[in-house]
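Notes for the one structure printed next.
Bear in mind these aren't lab numbers, they're just calculated from the coordinates by the rules spelled out. Remember, predicted model here, so these are calculated numbers, not experimental data.
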Amino acid sequence: MLRHFVLTACMLVAFGATPVRADDDARALINGCVGCRLPQDLHGRDLHGVRLTGADLRGVDFSGANLRGAQFIGVDLRDTRFDRADLTDAHFVGAHFLRTSFAGARLDGVTLTGVRLDADSLRGIDAGRLLHNCTGCDLRDLPLSRADLRGARLIGVDFARADLHAAAVRDASLYGANFRGANLDGIDFAGARLCVRQEDGDIGCPDFRGASERGTHFDGALLCSSHEDRCEPMTEATLKEATQRVRGTN
């Protein structure tokens, strides 16, 4: 606890230095700190490549900051602002998002692992860009109608009760997804990597129990090998044979 207090105090001093020196000092201090509380105003700072572990970032303003390649691990991002920040290739692992703002942020190459997102954190942005590489994410109940998820890698994602009406999913990887109770109306799954054939021969497909599927098309969805080096198109009939969970059956 004392170490965290001292490091936090040092960061406050560092940020009072000249901009270039302050940014260099801040990166070094942040990388050596676990569970720290950061200053509230970090807008415009050059913090590329920093590793923030267990940090309390509630309400921190990163607007316009350079956060390319930054790692956010187990951090609290409630009410945090990333407006117009450069988050290219940033990694978020086990982060807590709530009313987090990404308005105007650069999101190319962002990866999310084991995070929970709320609707306010998607407000005013192209959700498909933030969610393009998402593993084990909790996206329950989110408004994702007409989201552009083409080519996205969404592995083991929980879409329960989410509104995915008319979302674009061609070339997306959706292995292990949970669509229970979701609105899938109007989605064309053709070209989406939907099911995987395990090495033991078993086939795993997403859980569609209770999902709304008005105008939904499964023909052309892909069944791929566990290494994804081979894929073959399925018909809706073969998809139903692959898993009895499809179309609400148990």
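Report, as a whole number in µm² per second, the diffusion coefficient that Stokes-Einstein gives for region 20-76 at 10 °C and 1.306 mPa s using the Kirkwood radius over alpha carbon pairs. Result for D is 143 µm²/s.
For Leu38, nonlocal amide neighbours, meaning residues 5 or more places apart or on other chains whose placed amide H falls under 5 Å from its own, are Asp56.
Only Cα pairs under 8 Å and 6+ residues apart enter the sum, and on that basis the relative contact order of region 105-250 stands at 15 percent. Helical content alone sets the calculated 222 nm signal of the chain at -4000 deg cm²/dmol, taking -39,500 (n - 2.57) per DSSP H segment of four or more residues and averaging over every residue.
Please state the relative contact order of the chain as a whole percent: Cα pairs under 8 Å, 6+ residues apart?
Reported relative contact order: 9 percent.
In vacuum, with every alpha carbon of region 23-161 counted as one equal point scatterer, what does the Debye formula give for log10 I(q)/I(0) at q = 0.13, 0.15, 0.20 Å⁻¹? Two decimals, please. Log10 I(q)/I(0), no solvent term: -0.49, -0.66, -1.19. Eigen-decomposition of the gyration tensor built on the alpha-carbon atoms of region 68-132 gives equivalent ellipsoid semi-axes of 14, 14, 11 angstrom, largest listed first.
Rounded to the nearest 10 degrees, the angle from helix 19-31 to the longest Cα principal axis of the chain is 60 degrees. Mind checking the log10 I(q)/I(0) for the chain at q = 0.07, 0.13, 0.14, 0.15 Å⁻¹? Debye, one equal scatterer per Cα, no solvent, two decimals. Here log10 of I(q) over I(0) equals -0.29, -0.79, -0.87, -0.95.
With the convex hull constructed from alpha-carbon coordinates only, region 83-215 shows a mean projected area of 7.8 nm² over all directions. Normalised by 2.2 N^0.38 Å, where N is the number of residues, the alpha-carbon radius of gyration of region 139-195 equals 0.96.
Tell me the angle of helix 2-14 to the major Cα principal axis of the chain, expressed in degrees between 0 and 90 and rounded to the nearest ten. Helix 2-14 sits at roughly 70 degrees to that axis.
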